[in-house]
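The values are calculated or read from the model by the stated rules, or taken from the named source; none is laboratory data. All figures in this text were calculated on a predicted structure; none of them were measured in a lab. So basically every Cβ, Gly included, is an ideal-geometry build from the backbone, and we count neighbours across all protein chains shown.
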Amino acid sequence: MSKLIFINRYFAPDLSATSQMLSDLAAELAQQGVQICVVTSRMAYDAPSRRFAPRENLQGVEVYRVWTTAWGRHFLGGRVLDYLSFYLLGFLTLLGLLKRGDTLVAKTDPPLISIAAALAARLKGASLVNWLQDLFPEVAIELGVLPPGLAAQTLRRWRNWSLRQARCNVVIGSQMARRVAAEGVPLAAIKVIPNWADGALVAPVAPAANDLRRAWGVEGNFVVGYAGNLGRAHEFATLLGAAELLQGDARIVFLVIGGGSGHQQLQGAVAARGLHNVLFKPYQPVAALANTLSAPDVHLVSLLPALEGLIVPSKIYGIAAAGRPCIFIGEHSGEIARLLQAGQFGATVLPGDCAGLAAAIRVVASDAQHWSRWATAARAMFENTFTAGHSLAAWREVLNPPTSSPARPAVPA
């Protein structure tokens with residue numbers, strides 16, 4: 001009997017975004033009687049020193065956790081060692097698990113895991129599906145982590161081989177699909193399936209009923225929120241400038257929930273400018289997610305324009321599930337900008353347009369009917385497009401055994 005094997009560095013009970021998506025999909029398929037294995041690490045995303053059991057069964061999913069180094073995300077050299085140890089031990093574990101006729105799904109953590117997965121699938125006669133959450137090495141080049149030289153070209157060539165090797169490459173946005181097609185991957189081997197949010201876990205909570213708003217002392221305010229990771233891909237200068245412009249408006253408060261490399265920098269910048277209208281809170285428990293995402297009246301999402309088509313900020317799905325409008329700081333032709341326009345639940349301003357962002361906030365803060373239309377449209381967009389049911393149904397189609405296998409490209413020299 002053929003089985004379905006996933007490989008990704010994180011899996012339940014880890015709470016990272018890639019883990020939650022994969023855990024949802026694996027559990028859903030296991031409930032339908034599909035034999036599921038997951039190859040993952042023993043690390044927790046937010047606590048590298050924490051170790052999960054090497055082997056266990058979770059909701060019918062056989063989980064194989066390989067040993068890796070555990071330097072975590074804060075030291076680049078250590079992170080590389082974490083990646084390399086997972087590549088090696090994960091590859092060897094795949095060789096032991098894969099049989100001819102199996103299907104291997106490779107997610108994109110760590111970056112370029114599709115290369116190891118493609119080699120393992122080729123050696124064992126298995127079918128490969130890549131699940132692309134982002135595109136490396138392009139992201140690393142745009143962020144200045146990797147110089148655009150021979151090493152980057154070599155990684156890109158091998159990555160492209162691994163994409164052409166797969167019978168399907170699942171991407172999470174239409175612009176990412178175009179980027180992958182431009183690398184020479186046939187359109188027939190590309191499928192857009194967006195990420196999702198749990199509409200039962202995250203539902204709209206009225207401001208007056210929100211425990212966090214009371215606890216944080218923002219009950220009577222119009223709250224502009226940024227929730228989640230604030231990292232290299234997200235600029236915060238526009239948020240900072242808008243907060244400075246709006247400091248004289250006692251109604252409006254900025255609430256930044258989460259962490260990331262930019263979180264501490266933003267705190268320092270807020271303190272240096274003497275701003276008193278910006279609050280900072282740490283990541284909140286998953287059980288409080290509905291209150292967390294409903295605490296802001298409007299959310300901010302940002303993405304550097306150079307990263308369009310390489311990354312899709314998946315926080316938009318939880319924001320929509322919470323029935324909250326969104327203002328996107330990014331390219332007007334970008335993936336999130338198009339979603340907001342299609343669903344009519346937000347606006348877009350360019351990075352650096354602090355006055356434009358402040359004006360957009362003033363408009364929605366001053367017009368309750370405007371806010372209500374956007375909030376209603378956000379939840380409607382979620383229910384019509386971004387539920388787990390929509391995406392998992394699309395995944396079931398992808399994972400049905402193919403009637404024929406495409407010719408396998410030669411391994412690049």
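Considering R213, R157, R179, which residue is in contact (Cβ under 8 Å) with a residue 60 or more places away in the chain, exposed (fewer than 15 other Cβ atoms within 10 Å of the Cβ) and part of a helix (DSSP H, G or I)? Show your work before the answer.
Working: R213 fails: exposed (fewer than 15 other Cβ atoms within 10 Å of the Cβ); R179 fails: exposed (fewer than 15 other Cβ atoms within 10 Å of the Cβ).
Going through R213, R157, R179 in turn, the sole match is R157.
All told, Q31 meets the bar of being surrounded by fewer than 24 Cβ atoms within 10 Å (Cβ to Cβ), in the same structural domain as V171 (by TED's automatic domain parsing) and farther than 24 Å from S261 by Cα.
So that you can scan it fast, the table gives a plain yes or no per residue for (1) at pLDDT 95 or above; (2) surrounded by fewer than 23 Cβ atoms within 10 Å (Cβ to Cβ); (3) under 30 Å from L112 (Cα atoms); (4) not assigned by TED's automatic domain parsing to the domain that holds A140:
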| residue | (1), (2), (3), (4) |
| --- | --- |
| A243 | yes, no, no, yes |
| Q247 | yes, yes, no, yes |
| F254 | yes, no, no, yes |
| S261 | no, yes, yes, yes |
| A269 | yes, yes, no, yes |
| H299 | yes, no, no, yes |
| Y317 | yes, no, yes, yes |
| I329 | yes, no, yes, yes |
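Remark: pairs (first residue in segment 243-259, in contact (Cβ under 8 Å) with a residue 40 or more places away in the chain; second residue in a strand (DSSP E or B) and not acidic (D, E); Cβ separation under 6 Å; 6+ apart in sequence or on different chains) = L246/I252; R251/F222; I252/F222; L255/V223; L255/G225; L255/L279. All of L339, L357 fail the test of being of a type in the set (A, V, I, L, M), closer than 25 Å to L246 by Cα and either at pLDDT below 95 or in a helix (DSSP H, G or I) (or both), apart from L357. Pairing residues of segment 326-353 that are in contact (Cβ under 8 Å) with a residue 60 or more places away in the chain with residues that are of a type in the set (D, E, K, R), at Cβ distances under 7 Å and at least 6 apart in sequence or on separate chains, gives G334/E308; E335/E308; P351/E235.
May I ask you to verify whether A237 is free of Cβ contacts under 8 Å to residues at least 40 places away in the same chain, closer than 24 Å to L143 by Cα and surrounded by 14 or more Cβ atoms within 10 Å (Cβ to Cβ)?
Working: free of Cβ contacts under 8 Å to residues at least 40 places away in the same chain: no; closer than 24 Å to L143 by Cα: yes; surrounded by 14 or more Cβ atoms within 10 Å (Cβ to Cβ): yes.
Here the answer is no, as A237 does not meet what is asked.
Against the test of being of a type outside the set (G, A, S), modelled with pLDDT under 95 and not assigned by TED's automatic domain parsing to the domain that holds P351, the options L201, L230, L163 yield a single qualifying residue, L201. Considering segment 123-136 alone, what residues qualify as being in a loop (DSSP other than H, G, I, E, B) and more than 17 Å from the chain's Cα centre (by Cα)? Result: G125, A126. Selection of segment 271-287 for residues being in a helix (DSSP H, G or I) and modelled with pLDDT under 95 yields V286, A287.
When the residues of segment 137-154 are narrowed to those that are part of a loop (DSSP other than H, G, I, E, B) and in contact (Cβ under 8 Å) with a residue 12 or more places away in the chain, which ends up surrounded by the fewest Cβ atoms within 10 Å (Cβ to Cβ)?
First, pick out the residues of segment 137-154 that are part of a loop (DSSP other than H, G, I, E, B): 137, 143-149.
From what is left, the residues that are in contact (Cβ under 8 Å) with a residue 12 or more places away in the chain are 137, 143, 145.
Working: P137: 20, L143: 15, V145: 12.
Checking each candidate, the answer is V145.
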